[in-house]
Amino acid sequence: MESLLAVPGEATWYSAAERNHATDHSFQINAPIKSFTQIIKDPDSEEYRCLRDLYITDPRIDKQRIEDTKGGLLSDSHDWILRNADFSSWRDKQGSTNLLWVHGGPGVGKTMLLCGILNELAKYPPDDETKLLSFFLCESSNKDASSATAVLRGLIFMLVAQRPSLISHAKAKYKNVGAKLFEGPGAWYSLHGIFMSIVESVSADDEKQGVTYLAIDALDECKDGLENLLALITTVSSSTSRVKWLVTSRKHYKISARLLVGKTERRNGLDLDDYADDVAHTVNNYIDRCVTELARTLPDITLCEDIRKGLRAKATGTFLYVSLAVSKLGSTQPSELRKTLDEAPVDVAGLYKETIERIENLEPRLSSICRNLLSAVAVAFRPLCWQELYALADLPLEYSSGKDAIAKCAPFFAIRGGIACLVHESAKDYLCGTNNFFRDGLPREHHRVFLASLAIMKSTLRRDTYDLRDPGISINEVKIPEPDPLIAARYACKYWIEHLVAGNQGGCDTLDGGSLARFLEEKFLNWLECLSLSGGMHVALSSWGNIVDFLQDKPGRMRLREVVADAQRFIAYNWRSIMAHPLQVYASALVFAPTQSRIRKLFWADEPSWVTITSGMEEEHWSPWSQILELAPTGSETGMVVGPVAFSPDGTRLASVLEWDWNSVVGSRKEVKIWDVSTGICLWTLREAAANWVGFPSGGSALLAIAGGGKVRFWDMDHGRWDRISLEDMELCAATFSPDGVWFAAADQSRSRIDIWDWESGDLAHRFGHDPDAAVLALAYSPNCARLASAHREEVRMWNSESGFCLWSVRSSAATNLVAAFTADGGRLVVAANNVLETWDTSSGECLRALRVASDDDDASVVTISADGSRFAVAPEGMVKVWNVTTKRRFQTLRGYDRYVLSLAFSPNGNYLACAGTWGLKICRIAALGSGRHDFLATKHHHEKVRSIRVSENGAILVSVSSDAVRVWKLGDGSCISNIEKADRNNIVDIAISPNGTRLALLLDDDDVEIWDTMTSCHLETIPYRGFAASFSPDGSKVAVIAFSGEVVLWLLDKGILSIWPGEGRHISLPEGRSRAGSLAFTPKDAHLAMTLSGSQNPTIKTYDYDKHTEIYSLGLRFHPPELSGGGEAASICFSSDGNHVVVSCDGEIQIWDLVTHPRIPRRVSVNGMHVDILAFDSAKSRLLTNTGLLLLDEAADDRSDAGNPRFHRQGYGVDTESGWIMWESSKVLQLPPDYQPDSVVVIPPEPGAPSSSLIALGGCSGRVVVLRFPNGGPSKQTSGNLVQ
């Protein structure tokens, strides 16, 4: 077990592929590649990726660094505590003490004491393979080691390092959301659940499970989420005796009160003040070691003894004073040692002050360098490597250039292992204290570091910094060059935004045309690339809003604000792609940015020359959505009803009631989901919650109230369990929490009453009734909680919330879907419905104003109102309209983004609006009041998703199909030349298009096949059969249809039926049910017809000579694997150009049947599970044209046995529909954003030798159709300003 504390591998910089892609931690001596593969053997496995993204730091490395910084661990520094009865009881006895809190003042050696204890625990008991040991060392000067989430990530990482199987507890959630699981405000909840699951696993009553020791140092330095962490520690320590906690901190009332040490069984405290003699003895040993080291350069033994006595006299039992004093003595001439020691201040603050005075008296240039060094170290949000420190201090990147200045800065910090480490937290406290060093104030120092960071990035960042030259390269494939050109810029890239905000400086640097504006206009894309390479992409996502807020309402920054706002949308839309594929920032991110995007216009020269979107098919503006949340559970059908939506009081979480329509056996099911708003991660899914209302109490509670089934229950989001609180016996129809979080008002429809609950105690405080015929539709508390408003159908009432006395009751025009809210001053009540917006005086009940709201005659449209009554939203016919209540003007409209909106909710500050509809749950950023009118119109070519795309054989016409419409496009210029609408029927199944593109056959679910003219949108004729598959003959004169009646009809256009097969009242055996599919194809010489049917138990290819009315072949399709149940899915069929082969795609493979030499055994080609449509086959050249691209079959592979699996490779451009990438040959070159992920696709390669472009047409669930154009030849790979073919 001692190997637990061994540093894993050499102290070295390592590949970005091994760093957590959501965290830049490059200042650490990070775990090299081999340490990860020692834990999880397969680097391509999901377990490996999960561990990599979980990683934020290896506590073993931090422990070694801290020990080195503090001069090394004394061998006997911790011996005394090993003999302590309380410690021995905690360590050795099962069922006794589960939590030991070691606390003491600053500088008494708590961290080094813990390091010694950890060394002993690693060896005790010897050869115990069932024991686990995990620890974390908090550092307030390191932002990545001072949060509760960082602590859990470190603890979990160490546990998995010892027992790799524990990664399974994180894998399930990680599989759905990836690295986002460990990021953002919701990360705590995700990590909490994972950690508790691990605790439950290691606490199992199993002889294979030993004791698990968990240790946290400097708990008081956990600045973010300390309350959550303390709650977790107390919960675990109370629930199991197999997990033992050891925590250290300064004396801290909050920690003492929360841990209840000494007041609760099995929790003990150890105050180092009670062991002053033991601590002093250890300090004296430390002095002895320091003096021994000094004696190597001192010839006078008497002098050494005098130093020993002087240090013991002034140390007062603290290691910190000794460390600082010895640092000072080490740079003093031997002849001055006695005088220096005698005159040395008697406390730590005095030593710091003396050092500052010495620096101020240096010659000006050296003094300035020391100031810059101290400034950078003091205000940095994490320790700096020496290259980063030198760059921020404007020193040459040669280590020797700063050695003298660094020596002068002792004892504040030192360079250890290449890292600039503060000797103690008190050093930072002193430097940042009022008027101690930064006389112009701390904000000014932050601003200086901000400007230095901009200068570093401008001089360092460039396009393709690592010369990768591959636009599709994955971050996992990136190898960091030596030397790393980004090593000095990593800190600047991650933290410049935080220094800008902390500096809070105006001035010319942040004006239009200033330093910030110039940096963004020149280096924004390079910065995003660097963040991806250094694993800090989450910084852009989480910090950019700080710049938006910083610039808000500041004059002289209009153009800069516009660029920053556009950059925010650019980041939100592309961060996932850029994080995983750094160079896509110059490809996908620019190609698919709206044409009016500021960022796209600024960086037009960086757009790839090898791809364009056909004119007229591009987005003009960004969509209004800041977040689109994933809803559908695995196995559900498409039908979905969304119930109420609610934001948490701080706006960081969102809850909604969902109802899913499952299959006929399972039926429908309700569930509640809770998301993290910033990342879109689903934190909890409560499948047993049959809810009809959700809401969050005010006041910082971590509970969610869920009403349904006659009661209200509360879900504890901190602990992931149902709380003990439950309010029973109510049929809730409206509810609200009071602003102070004390009261819960609920209207009971069945009993015509309103109940006021003290919800935390579960006591009913008040109850008052109302008319049975006046059902309550909405409730709202006044800001001071003294009044409660109830909105009824065409009536508004005001109640005294304490007595239940009705103060006034008035008639209202509001009838359905009511919401209500008080204004911030409590003087007015705003009541909104889908037809009217009314403002009432809360004292008199007088209607002050009324606004008629056009709801487009949609009585079912939903409404919502912001918490302060300033904004109101209504959603008629899937449109969302937002109104300013004060001015009674509509200032934001969203059109075409959903068919129906079923629920709306404003965030607490009114800046965001959650819209739940048939196409998902989305969050929109609301424009600021008074900022003008903002209308958003979705770019949609179809109201429903695009089911299929067809291209005429001559390549001139493209047809896109949805259930309600057909659009005909001219491929030359991308213009839409005709439309065929079936919006009232919504019954289009598919189409077939003639070779010259002038005719199409429209297949309808409940009607006969129709023939249309594509140029004029004229209906030409009707084939009196309902069909589900059709094909035109090569000359376009005939149409073959597979009818639902089980016949194949051959129709001669303009003349009628030519033949029906099989004839004489016989029918083809069709699959059962209505989900029938098949494919038809004519031979090139228009003599034979081939047909496939999908879904039957024995799918076949049938070839038919319609002149002779005879069947030629009936070939049984063979599927892989052979035991495939339910028959196979034959997607499409075609003949080869010579008519000697028939090709069919089915179940992830292609079967090629040689009708001349091997008519019974197909040649089978795997297409890796992809669904492909066969468009053409050239048997002479083994070229297969599919809807996803041109495939070349391996000439050498001609095995026609079932085991044969000939290979293929792409030629030219194509689409990998599984991964969502545009491919060139076998390489990924352009990632498709989520909005462009296709449900249907077709690739049109150029004719051999022709100068025309390759075309790729995409149709998706958004209803959009996009055609991408690729000039002949492969993509150019641009690097450092040069094009490489």
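The values are calculated or read from the model by the stated rules, or taken from the named source; none is laboratory data. Computed from a predicted structure; not experimentally measured. Positions of Cβ are backbone-derived with ideal geometry, glycine not excepted, and every protein chain shown enters the neighbour counts. SASA here: full protein model, heavy atoms, side chains in, ligands and nucleic acids out. Shrake-Rupley method; radii C 1.70, N 1.55, O 1.52, S 1.80 Å.
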Seminar exercise, completed: One finds the C-alpha centres of the range 357-420 and the range 206-259 to be spaced, in Å, by 37
Problem set entry | Pairs from LYS180/LYS670; LYS70/LYS123; LYS251/LYS494 whose Cα-Cα separation, in the structure shown, is over 30 Å | LYS251/LYS494
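How many Å² of accessible area per residue for the range 253-327, probe 1.4 Å? Working shown, then result.
Details: 3980 Å² over 75 residues.
That works out to 53 Å² per residue.
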For this session: Using R₀ = 35 Å, calculate the FRET efficiency as 1/(1 + (r/R₀)^6) where r is the Cβ-Cβ separation of ASN996 and SER474; round to 0.05.
Result: 0.20
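For the pair ILE628 and ASP606, what calculated FRET efficiency results from E = 1/(1 + (r/R0)^6), where r is the Cβ-Cβ distance and R0 = 25 Å, to the nearest 0.05?
On the way: r = 27 Å, r/R0 = 1.08.
E between ASP606 and ILE628, to the nearest 0.05, is 0.40.
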Seminar exercise, completed: Of every hundred units of 1.4 Å-probe accessible area on the range 204-324, the number belonging to carbon and sulfur atoms, as a percent, is 46
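Tell me, what is the per residue accessible area of the range 415-559 in Å², probe radius 1.4 Å? Intermediate results must be reported in sequence, preceding the final value.
On the way: 5300 Å² over 145 residues.
That works out to 37 Å² for each residue.
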Problem set entry | Helix 442-460 vs. the chain, principal-axis angle (Cα, 0 to 90°, nearest 10) | 50
For this session: Determine the shape class of the range 406-562: with a ≥ b ≥ c the square roots of the Cα gyration tensor eigenvalues, call it rounded for a/c under 1.5, and otherwise prolate if a/b is greater than b/c, oblate otherwise.
Result: oblate
For this session: Give LYS110/LYS254; LYS63/LYS223; LYS254/LYS428; LYS131/LYS479; LYS63/LYS328 a once-over and call out the pairs whose C-alpha atoms are over 27 Å from each other.
Result: LYS131/LYS479
Problem set entry | Shape of the range 821-921, Cα gyration tensor, a/c cut at 1.5 | prolate
For this session: Can you tell me the order of 935-948, 137-150 when each peptide is scored by its average per-residue count of other Cβ atoms within 10 angstrom, highest first?
Result: 137-150, 935-948
Exercise. Angle, helix 537-551 long axis vs. longest principal axis of the chain, Cα atoms, 0 to 90°, nearest 10?
Worked result: 80
For this session: Counting helices only, and only those DSSP H runs with n ≥ 4, report the 222 nm mean residue ellipticity of the chain as the sum of -39,500 (n - 2.57) divided by its residues, in deg cm²/dmol to the nearest 500.
Result: -7500 deg cm²/dmol
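Can you sort PHE157, PHE647 by 1.4 Å-probe accessible area, starting with the largest?
Values: PHE157 5, PHE647 25 Å².
If we order PHE157, PHE647 from most to least accessible, we get PHE647, PHE157.
Mind ranking 676-687, 300-311 by how tightly packed they are, going by the mean number of other C-beta atoms within 10 angstrom, highest first?
Details: 676-687: 20.1, 300-311: 15.8.
Listed from highest to lowest mean packing, they are 676-687, 300-311.
Please list 538-544, 581-587 highest first by mean number of surrounding beta-carbon atoms within 10 Å per residue.
Details: 538-544: 20.9, 581-587: 26.0.
My ranking of the peptides, most packed first, is 581-587, 538-544.
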For this session: Could you please put LYS93, LYS41 in sequence from largest to smallest accessible area, using a 1.4 Å probe?
Result: LYS41, LYS93
For this session: May I ask you to give the solvent-accessible area per residue for the range 886-1004, in square angstrom, as obtained with a 1.4 angstrom probe?
Result: 40
For this session: Quick one: angle between helix 348-360 and the longest Cα principal axis of the chain, in degrees between 0 and 90, rounded to 10, please.
Result: 80
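Once the Cβ-Cβ distance between ASP718 and ASP76 is put in as r, and R0 is 41 Å, what FRET efficiency do you end up with, to the nearest 0.05?
Computed FRET efficiency for ASP718 and ASP76 comes out at 0.45.
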Seminar exercise, completed: Contour minus Cα-Cα span, ASN986 to ARG559, at 0.36 nm per residue, comes to 149.1 nm
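How would VAL108, VAL177, VAL1243 rank on accessible area, largest to smallest, probe 1.4 Å? Write down the numbers at each step before the final one.
On the way: VAL108 25, VAL177 45, VAL1243 5 Å².
Sorted by accessible area, descending: VAL177, VAL108, VAL1243.
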For this session: Summarise the accessible area of the range 36-182 (1.4 Å probe, protein heavy atoms) by the percent that is carbon and sulfur.
Result: 48
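Using a/c under 1.5 as the rounded threshold, could you call the chain rounded, prolate or oblate? The axes a ≥ b ≥ c are square roots of the C-alpha gyration tensor eigenvalues, and prolate needs a/b larger than b/c, oblate otherwise. Before the final figure, lay out each step's value.
On the way: a/c = 2.00, a/b = 1.52, b/c = 1.32.
It is prolate, given that a/c is not under 1.5 and a/b is the larger ratio.
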Exercise. Is any residue of the range 427-459 close enough, with backbone N under 19 Å, to a label point placed 7 angstrom from the Cα of ALA410 along the Cα-Cβ axis, and if so, which?
Worked result: 427-428
Seminar exercise, completed: For LYS888, the lysines lying under 27 Å Cα to Cα, once residues fewer than eight places off in the same chain are dropped, come out as LYS922
Problem set entry | Reach of LYS982 by Cα under 16 Å, taken over aspartates and glutamates that are not fewer than 8 positions away in the same chain | GLU944, ASP964, ASP990, ASP1005, ASP1006, ASP1007, ASP1008, GLU1010, ASP1013
For this session: Leaving ligands, DNA and RNA out of it, report the carbon-plus-sulfur percent of the accessible area of the range 699-813 at a 1.4 Å probe.
Result: 43
